[in-house]
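To start, the structure under review is shown below, and the notes come after it.
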There are 2 protein chains.
Amino acid sequence: MELTTIGRRARAASRQLARADTARKNTALLALADGLLACQDEILRANAADVAQARERNVEAYFVDRLTLNLPRLQNMAQDVRAVAGLPDPIGEQFDHAALPNGLRLHKRRVPLGVLGVIYEARPNVTSDIAALALKSGNAVILRGGSDNLNSNKALVTVIHQALRQADLPADAVQLIEDTDRARILELLKLSDYVDLIIPRGGAALHKLCRDHSTIPVITGGMGINHIYVDATADQDKAAEVVFNAKVSKPTVCNALCTLLVHADIAATFLPRVARRLADKDVELRCDERALAILSPAYPLARLANDATDWDTEWLALILGVKVVDSLDEAIAFIQAHTMEHSDGICSQDPQAIARFVSEVDSSAVFVNASTRFNDGGQFGLGAEVAISTQRIHARGPMGLRELTSYKWVCEGDGHVRW
Amino acid sequence: MELTTIGRRARAASRQLARADTARKNTALLALADGLLACQDEILRANAADVAQARERNVEAYFVDRLTLNLPRLQNMAQDVRAVAGLPDPIGEQFDHAALPNGLRLHKRRVPLGVLGVIYEARPNVTSDIAALALKSGNAVILRGGSDNLNSNKALVTVIHQALRQADLPADAVQLIEDTDRARILELLKLSDYVDLIIPRGGAALHKLCRDHSTIPVITGGMGINHIYVDATADQDKAAEVVFNAKVSKPTVCNALCTLLVHADIAATFLPRVARRLADKDVELRCDERALAILSPAYPLARLANDATDWDTEWLALILGVKVVDSLDEAIAFIQAHTMEHSDGICSQDPQAIARFVSEVDSSAVFVNASTRFNDGGQFGLGAEVAISTQRIHARGPMGLRELTSYKWVCEGDGHVRW
């Protein structure tokens, strides 16, 4: 099918969806959750075909794992869809009411964005996840999944369509681009007449492709070079635990710690303490010269950092940059120079240092005596998460249902005119 | 100067500006207002050179008028800058406080967007206007004005720089691209490392250029194909006044009326009534066949509309499309097909019709028994206006100071970790 046809259908469906009440949308969501389990044979058979094809190409094991569905994973996907059904519906919310001196009554009303274009890679759970979030927020969505899970996605979208029809909602509200030619991505990025927002779910290359070629607004995020600065006044026990947690609890995710900055006054005591903790998980330390002088040779996994690259690397692994700084100013300047504005934090007991850090470090989330791993829609109480935005337009940090909406002004009068 | 140098300086200045307190920003604004008058000779001399060059090229009179500064206009510009100084400072506002069950304390804090890139045409007042709004909202700005008022803009930016220095703020917070080669616009649109938002202030061609070429988010807006639907239940006297006002009060602006839709049940009485009113201003009516049958020959300025083009034209002139519809559904479908989602309205006394119209017509502002001309930052109580956005991302409708901000999440704990 031509992409413009998909776009036109999505736009028409989005108008119906925008008017659908909460009960109808929840009916579709619960039907989808049920359908994922009722159609498990078809879905798992389709997924097995994808997995077999991937194995034939000798891809890496982690990739096969990401691609693979099984019953527990389908049950989780169904549970996630059910959870979205339980969230409050943001559409129709009225806010910013005002009565103007001339008698006009004004308010804003939350409306869906319209049509989302979501480009992602080999994770079949994203298909049901994004479909559920889009549906609940009244948005139509055009999905462009990876070629590696095309069979799985087709099977999942069949189930999604059944659920939409069961709730008398248009099946075109969720459409999959089945043509996996990369040229279709570029075409999607230019479909500004029909698509209101592009959400890339993938690595740096996909984000860059979208930013460089899209004529549609793009939400960028999902990548972080995250810092924790341990101030001279920090509670060192707690700080060591925060650093340990931020680095090792899930090192492959975008809110994991990349670089530890330690004030010179406490480096000689704090660094060995945190290094002993990190040694439990064999974390490699890429140190500046001062940190290395403190840690070497007692801590064998400490080595000299490559200044040209290491401070600008998102590790996604059990590696941590370590640097000694002489002041809060130096810490802030270093973070400003190297952060991707995802998650940065301070451990300190000094209210003035905390206030300055929170004010001057301008990341999507700034943490005080807490792990960067909390930067997450679920942890922040949004109930669901579409992406973690690191850009400055529209929404920053975790994006939930509300962040998939826009608003319109409603202005009511009684024959009011303006001369 | 290289654009990357301008960008780097803007980024550095934006960091200083983000930390500036309200008093310091207001000091700069008041110094700017004073400077516009104190330096009137230099500014008006520079402007006279621009005007003379424009006249030599035999441009149209309205263009020369837009370009021209004089003392009353400078006084207005100074007054506008003073008004911005009087507005509340959005930066640092804290909102959405939450205490999570695990004891983490969460809030959002309003921060500047960073660096704005504003591309505009021959209106020197935009220079001081945008500089003031950017400064108050803590954003640095790179200005790319039209070549036609380069001399005026240089003189104005000199005054702006003096004002910034008087308040100990970096002059690089407001920079003008003096090279008027059009290629510089394309370069600015790719400066995503240093610019956070592009705001075009100009016509459709400029907006399209920005959308097609920018790797930076673009606020589009400032254009409208606006409708008023007069329902069968409308108070016809009030409706005629609303239509008259929306069409004639300022026909060259983006919130002026383009197309009138009238319910068939009242068309025979309402159309002659509103046509007589519009005849006072010699408004030409482009009618569908049914409307023309009612209006012709009594109303000589009525003629048959060109279905292929007239319903999709932003008139910006004393021309009005007129069409008879048989139902609310037809009116809504017609508006959905032709609106640019700027300003659309209904005149009706029927709460159900009003509710459906407000729900299904999804424009940046929807009006009930009120003129579309109210879609304006000043009228809506924002105090100032950067643009009227017709896109769905970030902000819709009038954009004031708050709409030039982003936010960050601040998460405070006491050694909190996440496993």
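Bear in mind these aren't lab numbers, they're just calculated from the coordinates by the rules spelled out. Remember, it's a predicted structure, so these values are computed and weren't measured experimentally. We place every Cβ from the backbone using ideal geometry, glycine too, and count neighbours over all the protein chains shown.
Round to the nearest 0.05 the FRET efficiency obtained for A:Asp21 and A:Glu42 when R0 = 35 Å and r is the Cβ-Cβ distance. After rounding to 0.05, the efficiency reads 0.70.
In plain terms, the residue of B:Tyr62, A:Tyr407 with the fewest other Cβ atoms within 10 Å comes first and the most crowded comes last, giving B:Tyr62, A:Tyr407. Between A:Ala134, A:Ala331, A:Ala317, the GNM of chain A built on Cα springs shorter than 10 angstrom shows A:Ala317 fluctuating the most.
Think of the range A:1-104 as having a plus end and a minus end, set by charges on the Cβ of Lys, Arg, Asp and Glu; of A:Leu69, A:Gly35, A:Gly92, A:Gly92 sits farthest toward the positive end of this dipole. Put simply, the C-alpha atoms of chain B give a gyration tensor, and the ellipsoid matching it has half-axes of 42, 29, 18 Å, longest first. Dimensions of the range B:226-374 based on its C-alpha atoms, expressed as ranges along the principal axes with the largest first, amount to 37, 30, 28 Å. Residues whose amide H falls under 5 Å from that of B:Val325, counting only those 5 or more places apart or on a different chain, are B:Val262, B:His263, B:Ala264, with hydrogens built in the peptide plane. Between A:Asp362, A:Asp80, A:Asp350, the GNM of chain A built on Cα springs shorter than 10 angstrom shows A:Asp350 fluctuating the most. With N counted as the residues of the range A:4-69, its alpha-carbon radius of gyration over 2.2 N^0.38 Å works out to 1.62. Annotation for B:Glu56 and A:Ser296: the two label points, set 7 Å from Cα along the Cα-Cβ direction, are 6.8 nm apart. Based on the Cβ-Cβ distance of B:Asn76 and B:Ser147, what FRET efficiency does E = 1/(1 + (r/R0)^6) give at R0 = 35 Å, to the nearest 0.05? So the FRET efficiency works out to roughly 0.90. FRET efficiency for the B:Ala204 to A:Asp282 pair, using the beta carbon distance and R₀ = 56 Å, is estimated at 0.40. A viscosity of 0.890 mPa s and a temperature of 25 °C, combined with the Kirkwood radius over Cα pairs in Stokes-Einstein, give a translational diffusion coefficient for the protein assembly as shown of 85 µm²/s.
Rounded to the nearest 20 debye, the dipole size of chain A about its Cα centre is 1220 debye, using +1 on the Cβ of Lys and Arg and -1 on the Cβ of Asp and Glu. Ordered by the count of other Cβ atoms within 10 Å of each Cβ, fewest first, B:Cys411, B:Cys258, A:Cys210 give A:Cys210, B:Cys411, B:Cys258. Over every Cα atom in the range A:131-185, the radius of gyration and the widest Cα-Cα span, Dmax, amount to 11.5, 34 Å. Report, to two decimal places, the Cα Rg of the range A:41-124 normalised by 2.2 N^0.38 Å (N = number of residues). With N residues counted in the range A:41-124, Rg over 2.2 N^0.38 Å equals 1.88. Summing Cβ point charges (Lys, Arg +1; Asp, Glu -1) relative to the Cα centre of the protein assembly as shown gives a dipole of roughly 200 debye. Helical content of chain A, expressed as a calculated mean residue ellipticity at 222 nm, amounts to -13500 deg cm²/dmol (DSSP H runs of 4 or more residues, -39,500 (n - 2.57) each, divided by residue number, nearest 500). Taking the range B:79-96 and a reference point 7 angstrom along Cα→Cβ of A:Glu93, the backbone N atoms nearer than 16 Å belong to B:95-96. Here the range B:137-204 is assigned +1 on the Cβ of each Lys and Arg and -1 on the Cβ of each Asp and Glu. Its dipole about the Cα centre then comes out at about 180 debye.
As a proxy for reagent exposure, ranking A:His263, B:His342 by other Cβ atoms within 10 Å from fewest up yields A:His263, B:His342. Taking a point 7 Å from the Cα of B:Asp65 along the Cα-to-Cβ direction, the residues of the range B:266-286 with backbone N closer than 18 Å to it are B:281-283.
Relative to its Kirkwood radius, the Cα radius of gyration of the range B:292-391 gives an Rg/Rh of 0.99.
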